[in-house]
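Novice: One structure, pasted below without further comment.
The values are calculated or read from the model by the stated rules, or taken from the named source; none is laboratory data. Since this is a predicted model, take the numbers as computed values, not measurements. Here the Cβ positions follow ideal geometry from the backbone for every residue, glycine too, while neighbour counts run over all protein chains shown. Ligands, DNA and RNA are excluded from the accessible area calculation, which covers all protein heavy atoms including side chains. Shrake-Rupley method; radii C 1.70, N 1.55, O 1.52, S 1.80 Å.
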Amino acid sequence: MKLVYVFDAYCGWSHGFSGTLREVASRHPGLPVEVVSGGLFMGRRRVPIREFGYIQGANAKIAELTGAEFGQAYEELIADGSFVMDSEAAARGFAALRQVAPDRAAELATALQAAFYVDGHSLSEATTYRTVAQAAGLDADAVVAAFDAPEAQAVVRADFRRAAELGVTGFPTLLAVDSDSVVPLAYGHATADEVDERLATH
């Protein structure tokens with residue numbers, strides 16, 4: 001059995017789930033964690049952040065429920081309102097990090113979300129992935145090269161397809177997958193104890 005975590009790096013609820021993901025992974029070191037990117041801000045949803053009027057209210061609720069931090073640099077992005085969240089670029093960047101350190105995918109997913117939600121870095125910029133890679137002790141040049149590589153688009157499409165095949169319609173979603181069995185453990189918000197309770201029954 002393994003855990004499959006489907007998230008979007010630009011999803012506030014996924015950021016709120018970071019603490020739970022880290023805790024669950026640390027409690028079950030022998031359980032592999034596959035991390036898959038979804039496509040929340042694509043197509044017509046790829047617009048300036050000011051057009052999503054609910055974001056500040058949602059972030060307040062996420063912080064209250066999960067204790068997640070929203071940094072000053074991120075708050076300034078929200079206040080300015082012109083920033084465009086692009087889930088395809090974020091998925092490409094995460095795939096680059098995952099390619100260089102596949103066994104650290106869960107840790108890197110949470111680090112990437114902190115880069116945006118705490119430090120206010122764009123997940124469309126190669127410099128952000130260089131910074132995240134360096135902080136994680138990874139080969140930053142290899143990560144940036146993977147982010148810029150032509151085949152990165154195919155990897156992103158494969159991630160989006162995998163999320164759809166698993167029946168995921170929202171982020172974050174945590175699943176327990178064992179051959180053909182797919183069991184939901186968390187959707188949107190859950191504590192590590194709640195995940196453990198569900199995990200114990202499967």
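Novice: Which of Tyr129, Tyr117, Tyr54 moves the most in a Gaussian network model of the chain with Cα springs under 10 Å?
Specialist: Tyr54
Novice: Averaged per residue, what accessible area in Å² does segment 1-149 show with a 1.4 Å probe, protein chains only? All intermediate terms of the calculation are to be shown ahead of the outcome.
Specialist: Numbers: 6380 Å² over 149 residues.
Roughly 43 Å² per residue, with all protein chains present.
Novice: Please list the non-local residues whose amide H lies under 5 Å from the amide H of Ala9, H modeled 1.01 Å from N, same-chain partners needing a gap of 5 or more.
Specialist: Sorted by chain and number, the residues that satisfy this are Gly38.
Novice: Let me know the Rg and Dmax you get for segment 95-154 when you use only its Cα atoms, in Å.
Specialist: Values for segment 95-154 (Cα only, Rg and Dmax): 10.5, 30 Å.
Novice: Between Ala58 and Ala145, what is 0.36 nm times their sequence separation minus the Cα-Cα distance? Round to one decimal in nm. Provide the component values of the computation, followed by the final result.
Specialist: On the way: separation 87, 0.36 × 87 = 31.32 nm, distance 3.49 nm.
Extra length available between Ala58 and Ala145 comes to 27.8 nm.
Novice: If you don't mind, another one. For a test of the definition: using alpha carbon positions, the gyration tensor, and the 1.5 limit on a/c, classify segment 49-202 as rounded, prolate or oblate.
Specialist: Working: a/c = 1.65, a/b = 1.11, b/c = 1.48.
Oblate shape, in that a/c is at least 1.5 and b/c is the bigger or equal ratio.
Novice: For the chain, with a Gaussian network of springs between Cα atoms less than 10 Å apart, report the residue from Ser179, Ser26, Ser37 with the top mean-square fluctuation.
Specialist: Ser179
Novice: Sticking with this structure for a sec: Can you give the % of DSSP beta bridges in the chain that are antiparallel, to the nearest 5? Mind dumping the intermediate values first?
Specialist: Values: 12 of 17 bridges.
So the antiparallel bridges amount to about 70 percent of the total.
Novice: How many nm separate the modelled label positions at Ser26 and Thr169, each set 7 Å beyond the Cα in the direction of the Cβ?
Specialist: 3.5 nm
Novice: How big is the accessible area of Leu77 in square angstrom, nearest 10, if you roll a 1.4 angstrom probe over the protein chains?
Specialist: The accessible area comes out at roughly 40 Å².
Novice: Would you work out the charge dipole size for segment 133-186 about its Cα centre, treating the Cβ of every Lys and Arg as +1 and the Cβ of every Asp and Glu as -1, and quote it to the nearest 20 debye? Can you show the working numbers first?
Specialist: Values: 3 positive and 8 negative charges, 45 e Å.
With only Lys, Arg, Asp and Glu charged at Cβ, the dipole is about 220 debye.
Novice: Hey, any idea what % of segment 121-181's accessible area is carbon plus sulfur with a 1.4 Å probe? Please report the intermediate quantities before stating the final value.
Specialist: Details: 1520 of 3100 Å².
With neighbouring chains kept in place, the figure for segment 121-181 is 49 percent.
Novice: Most fluctuating residue of Val182, Val156, Val33 in a GNM of the chain with Cα springs under 10 Å: which is it?
Specialist: Result for the chain, Cα springs under 10 Å: Val182 fluctuates most.
Novice: A follow-up question, please. Segment 1-49 to segment 180-202: how many Å between their Cα centroids?
Specialist: The distance from the Cα centre of segment 1-49 to that of segment 180-202 comes to 14 Å.
Novice: Please work out the FRET efficiency for the pair Gln153 and Val47, using the Cβ-Cβ distance as r and a Förster radius of 22 Å; give the result to the nearest 0.05. It would help to have the intermediate numbers written out before the result.
Specialist: On the way: r = 21 Å, r/R0 = 0.97.
It comes to 0.55.
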